[in-house]
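J.: Encoded as structure tokens, here's the structure I'll be asking about.
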Amino acid sequence: MTLSIAFVLGLILVFSLLLIFDKLRPDVAAMLLLVILGLTGLVSAQELFSGFSRSAVMTILALFIITRGLERTGATRYLGRELGRFSAGRETRAIVVVMIAASALSLVMNTIAAAAVLLPGVIGLTYQHEHLRPSKLLMPLSFAALLGGMATLYTTANILVSGVLTEQGLRPYAVFDFLPVGLPMALTGIVFMATLGQRWLPEAGIGSQAGPRRVRVNLSETYGLVATVQAVYVKPGSSMAGLSLAEGGWGQHLGLNVVGLSRGGKVTLAPPHNEEVLEGDVILFTGNIDESEAKHYGLILTEDPTWKGQLVSDAVGLVEVVLAPRSRLAGSTLSEISFRDKYDLSILAIWREGHIIREGLADVPLHFGDTLLLQGRRSKINLLHREADFLVLEEDTSPIETPVKAAIAIFLTTAAVVLPALNVLPIAEAAFAAASLMVVSNCVSMDDAYSAIEWKVVFLIAGMLPLGTAMTNTGTAVFLGRGLVTILGGLGPLAVAGGLFTLTTLLTQVMSGQATAVILAPIAIAAAQQVGADPRGMALAVALGCSMAFLTPFGHATNLLVMGPGGYTIKDYARVGLPLTLVLAVVFLVALPLVWGIY
């Protein structure tokens, strides 16, 4: 082992630990890695910044824009609306329909987006049929988005592995090179989830050990809210009288969520934050306030016979939302983002990893995987469908305003797949052309195109790619490949491929698939060259392993996206994901030698 190899191995170890233990943002860690590689001279100046201009990065960037175009024109919303018609309300059939739809979308869309655009439609399906539960459909939705990504080049990890092949002078993957192995794995995954996996999916609903049924009109019951609603009487001379709800700081200073205002025998649910509080009003709220604190503000704890235990009306609704995949609000508190003032909606509860949080909500940092229960005017709730930071867990029933543009978006997306498959255009050029034409045809605005790009992923990939170059330049990839061959080579090339697939699968559970792909792809190529196997077939083990994020909710953002709405715990993913992983590993080991000749 040379000094340069030892240094690169140290970099890989430190970088991996930073990602696994979340000590530094992945994109920041990648930029730091880029600086170190440049200062140490492990890669040339030209190679150092080549990650920002490589075709793999441009393809991924274009896919973000294509995905946004499909969303904005309503093309994906139409598919979500058709789920109910095809599922016929039967659980097994619903699982199959949802998984086919998600896997089909992920063939041409970002995996996270494929799950996100179908999530409201799937939740709507459970509202339409009372015997269907989100816990039975949402994990299959997430897993299907990952499975579909195995069958196409248009998955981030697959694109990156293909880029590494190009860097090493090998022929990159074509669009459908993944299909002969990935499609059997995807179909097997769907069959497994509709049979054995269905039995292991949890019965419990959100926030209850007994698992109450998640139906829209029963959300207050599901979250146990009715029993927690209290009331205070505003005494004459109260310091809260004459002030609006916002000015009085009911949420910020008292930590109370105002759900209604009773005045003159009439209850107004979800009063607007500029509503003035008058002497003699009765304020309905959730939260805690003791008698002494209430007295300090001129309030008296009481009961209001006018309120009949309802938190919804024709004008006021309850709705659940989750943080969108590209939300900027993760880690922020509700008070920091001034949620109540900005959206004129109240958050009544947060479901997080099997627990319901009802108190001190203003100071609770938001996490991916949280489900937020909101109360407010239905007109305000409808506006949330257009907010990039939130995903509303009810179907957007507004009409698709631009069916022509939806057709254009579908046509351009199809062209981006078909033209490279027919060798008419290179993949990067076809994807970038489709994205550009979506902007030109006004399927998506240029500003929206910029916001659609997940820049954290772009910088992570651009910063990571030179690490793969450094591994090749210093001989680190050959060194590690030789070690892998020493351990497994005696059992044949297929055992080496199986080892790479297993290692990739395990690393994917704890660090990003993009980083795993860039680190392990050069090792796979080096190992293949040493055992005399097809490097493209061996690298396929790494690419497909990066989609095997079934064991934990943290393996992929799609798992976190459905964790809250489905009421899942970490154990639920392991209980279903482990047997699924083992079954798919067998399919991989059978299909790989048949297609790529690796025995």
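J.: List the number of the failed condition for residue 533; all other conditions in (1) in contact with a Pro (Cβ under 9 Å, 6 or more places away or on another chain); (2) aliphatic (A, V, I, L, M); (3) assigned to a helix (DSSP H, G or I) hold.
T.: It is condition (3) that residue 533 fails.
J.: Being within 15 Å of residue 548 (Cα to Cα), modelled with pLDDT under 95 and small (Gly, Ala, Ser) narrows it down to one of 115, 144, 151, so name that one. Walk me through it before giving the result.
T.: Details: 115 fails: within 15 Å of residue 548 (Cα to Cα); 144 fails: modelled with pLDDT under 95.
Unique residue meeting the criteria: 151.
J.: May I pose another question? Residue check: is residue 134 touching a Gly at 6+ places or on another chain (Cβ under 8 Å), touching a residue at least 24 places away in the same chain (Cβ under 8 Å) and of a type outside the set (Phe, Trp, Tyr)? Before the answer, list the steps.
T.: Details: touching a Gly at 6+ places or on another chain (Cβ under 8 Å): yes; touching a residue at least 24 places away in the same chain (Cβ under 8 Å): yes; of a type outside the set (Phe, Trp, Tyr): yes.
So residue 134 fits the description; yes.
J.: Next up: What helices (runs of 4 or more DSSP H) completely inside the stretch 1-108 contain at least 2 residues that are within 21 Å of residue 516 (Cβ to Cβ), among the hydrophobic types (A, V, I, L, M, F, W, C) and in contact (Cβ under 8 Å) with a residue 60 or more places away in the chain?
T.: Numbers: elements: 3-20, 26-40, 45-48, 55-72, 75-87, 91-105.
The helices (runs of 4 or more DSSP H) meeting that bar are 3-20, 26-40, 55-72.
Let's see how each residue does on (1) without any contact (Cβ under 8 Å) to a residue 24 or more places away in the chain; (2) part of a loop (DSSP other than H, G, I, E, B):
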{"residue": "341", "(1), (2)": "no, no"}
{"residue": "350", "(1), (2)": "yes, no"}
{"residue": "366", "(1), (2)": "no, yes"}
{"residue": "372", "(1), (2)": "no, no"}
{"residue": "405", "(1), (2)": "no, no"}
{"residue": "411", "(1), (2)": "yes, no"}
{"residue": "425", "(1), (2)": "yes, yes"}
{"residue": "437", "(1), (2)": "no, no"}
{"residue": "443", "(1), (2)": "no, yes"}
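J.: Tell me which residues, restricted to the stretch 547-556, are more than 10 Å from residue 501 (Cβ to Cβ) and either among the acidic types (Asp, Glu) or crowded, with 24+ Cβ neighbours inside 10 Å (or both).
T.: Here is the first cut: in the stretch 547-556, the residues more than 10 Å from residue 501 (Cβ to Cβ) are 547, 549-556.
Result: 547, 549, 550, 553, 555, 556.
J.: Taking into account only those residues within the stretch 536-567 that are assigned to a helix (DSSP H, G or I) and in contact with a Phe, Trp or Tyr (Cβ under 6 Å, 6 or more places away or on another chain), which is farthest from residue 487 (Cα to Cα)? Steps first, please.
T.: From the stretch 536-567, those assigned to a helix (DSSP H, G or I) are 536-545, 557-566; that's our starting set.
Applying the additional criterion that residues be in contact with a Phe, Trp or Tyr (Cβ under 6 Å, 6 or more places away or on another chain) yields 537, 541, 545, 560, 564.
Working: 537: 20, 541: 17, 545: 20, 560: 35, 564: 42 Å.
The residue in question is 564.
The values are calculated or read from the model by the stated rules, or taken from the named source; none is laboratory data. Quantities reported herein were computed from a predicted structural model and do not represent experimental measurements. In this analysis, Cβ positions are derived from the backbone assuming ideal geometry, glycine residues included, and neighbour counts consider all displayed protein chains.
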